[in-house]
Amino acid sequence: MKLLKDGTWRNNIVSPWLLKFTFLCLFSQYSCRASAVWTAYMNISFHVGNRMLSELGETGVFGRSSTLKKVSGVIVAPEGKSQNACNPGTNFSRAKNSETWLALIERGGCTFTQKIKVATDKGASGVIIYNFPGTGNQVFPMTHQAFDNVVVVMIGNLKGMEILHLIRKGVYVTIVVEVGRKHIIWMNHYFVSFMIVTSAALAYFMFYHIRRLWVARIQNRRWQRLTTDLKRAFGQLQLKVLKEGDEEISPNGDSCVVCFELYKPNDTIRILTCKHFFHKNCIDPWILTHGTCPMCKCDILKALGIQVDIEDGTEPLQILMSCELPEILSSREEEADNELPPARMSDKVTPAEEHPTSQNDDQQPI
């Protein structure tokens with residue numbers, strides 16, 4: 001019965017949770033659209049003495065709004081100490097006969113769009129921005145305003161500083177930029193954060209319910225063993241059907257302290273281990289609810305060899321036993337005592353009717 005309740009509860013929780021999870025997944029796919037990033041092949045050439053040296057490699061990445069095309073020209077750095085080209089009056093020391101040139105600009109100081117605008121206003125056909133110092137050759141796709149027919153590429157700090165040193169030494173450096181490979185980025189940092197939180201919540205959800213199922217199975221086995229022990233223990237208690245002339249129904253006899261009724265012929269009584277006796281239909285629910293004799297407080301369950309260990313957070317033993325065991329025990333004992341005459345139902349209180357009385361034991365003499 002307990003497992004059935006747990007299973008129903010889990011179904012009621014899992015279904016809405018899965019609906020929410022599906023909605024969040026659909027929402028994340030809509031809000032985190034895939035974006036394409038293009039790498040840049042760069043052929044850098046420069047003179048060393050009488051020799052022309054060149055270097056080819058996939059060393060850059062195009063800006064998100066950059067024009068994707070092949071471009072070539074001489075590399076020109078900003079004049080002065082500042083290399084970030086944030087000042088609209090920045091000049092570039094280029095040869096007068098060079099028709100096509102690309103600006104080499106340091107990252108930082110202002111937005112990418114502002115840097116690109118300063119360079120294009122001076123006539124640059126492309127802009128190469130190198131990363132912050134200390135970042136090595138790390139690059140990322142820049143976000144900037146689109147400029148018609150202008151190529152915008154980011155390269156690493158080490159490569160940018162290497163080119164800048166050559167230019168400052170008076171070396172004529174040319175470059176050919178070609179479109180490289182296309183990479184699809186399906187996840188941005190918002191989606192990654194969402195997936196981390198969702199995975200953690202799902203892991204906790206699974207751990208929590210697996211643990212609940214495991215605890216429920218252990219408790220179910222424990223109650224089954226306890227039920228079996230109680231059936232066996234109650235079978236050890238003596239039953240007696242009262243007859244005319246028995247001491248219990250004499251004028252000086254006592255009444256049942258549970259229901260306060262006098263004992264009558266054909267009443268079935270149960271004699272406890274402490275030798276006190278009561279109506280069977282009265283004392284069985286009482287023992288299941290309280291575990292002790294109503295008169296001397298003797299621990300009947302313990303005397304019968306039943307050790308009850310209630311764990312924190314579990315359903316009280318009295319509630320479970322009072323709800324499930326009386327009918328089981330009654331039917332079992334009736335089958336075992338078929339030779340005894342049936343008790344008169346008009347003189348008895350059924351276990352189901354006795355349960356409310358046992359809950360109000362504070363109004364009964366103990």
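Using Stokes-Einstein with the Kirkwood hydrodynamic radius over Cα pairs, what translational diffusion coefficient do you get for region 200-242 at 4 °C and a viscosity of 1.567 mPa s, in µm²/s rounded to a whole number? Each step should come with its number before you reach the end.
Working: Rh = 13.3 Å.
Stokes-Einstein gives a translational diffusion coefficient of 98 µm²/s.
Please work out the FRET efficiency for the pair Gln224 and Asp246, using the Cβ-Cβ distance as r and a Förster radius of 41 Å; give the result to the nearest 0.05.
Working: r = 39 Å, r/R0 = 0.94.
Calculated transfer efficiency: 0.60.
Fewest first, what order do Leu158, Leu237 take by the number of other Cβ atoms within 10 Å?
On the way: Leu158 15, Leu237 19.
Arranged by neighbour count, lowest to highest, Leu158, Leu237 become Leu158, Leu237.
Neighbour counts of other C-beta atoms within 10 Å: give me Arg270, Arg222 arranged from fewest to most.
Details: Arg270 20, Arg222 13.
So the residues, fewest neighbours to most, are Arg222, Arg270.
Could you work out the relative contact order of region 98-182? I mean the mean sequence separation of Cα pairs under 8 Å and 6+ apart, divided by the number of residues, in percent. Kindly include the intermediate steps, with their values, before the conclusion.
Working: 107 pairs, mean separation 23.0, N = 85.
RCO, region 98-182: 27 percent.
Using a 10 Å cut-off around each Cβ, can you sort Cys296, Cys256, Cys110, Cys282 from fewest to most neighbouring Cβ atoms? Display every interim value, and only then the final one.
On the way: Cys296 11, Cys256 20, Cys110 14, Cys282 23.
Fewest to most other Cβ atoms nearby, the residues stand as Cys296, Cys110, Cys256, Cys282.
According to the square roots a ≥ b ≥ c of the eigenvalues of the Cα gyration tensor, what is the shape class of region 35-185, taking rounded for a/c under 1.5, prolate for a/b larger than b/c otherwise, and oblate for the remainder?
On the way: a/c = 1.42, a/b = 1.15, b/c = 1.23.
Taking the square roots of the gyration eigenvalues as a ≥ b ≥ c, region 35-185 is rounded.
Full extension from Thr135 to Glu79: what is 0.36 nm times the residue separation minus their Cα-Cα distance, to one decimal in nm? Mind dumping the intermediate values first?
Working: separation 56, 0.36 × 56 = 20.16 nm, distance 2.39 nm.
Full extension from Thr135 to Glu79 adds 17.8 nm.
Please list, in order, the residues from region 148-176 whose amide nitrogen is less than 13 Å from a point placed 7 Å along the Cα→Cβ vector of Lys70.
Hits in region 148-176 for Lys70 at 13 Å: 176.
Tally the DSSP beta bridges in region 35-185 and give the antiparallel ones as a percent, rounded to 5. Mind dumping the intermediate values first?
Details: 29 of 42 bridges.
Antiparallel bridges: around 70 percent, rounded to the nearest 5.
Strictly over 22 Å apart at the Cα level, which of Lys122/Lys182; Lys243/Lys302; Lys81/Lys122; Lys115/Lys159 would you flag in this model? Working shown, then result.
Details: Lys122/Lys182 30 Å; Lys243/Lys302 31 Å; Lys81/Lys122 18 Å; Lys115/Lys159 19 Å.
Flagged as over cut-off: Lys122/Lys182; Lys243/Lys302.
Where a number appears in this text, it was derived from the coordinates with a stated rule and is not lab data. Remember, predicted model here, so these are calculated numbers, not experimental data. Note that we place each Cβ from the backbone using ideal geometry, even for glycine, and neighbour counts take in every protein chain shown.
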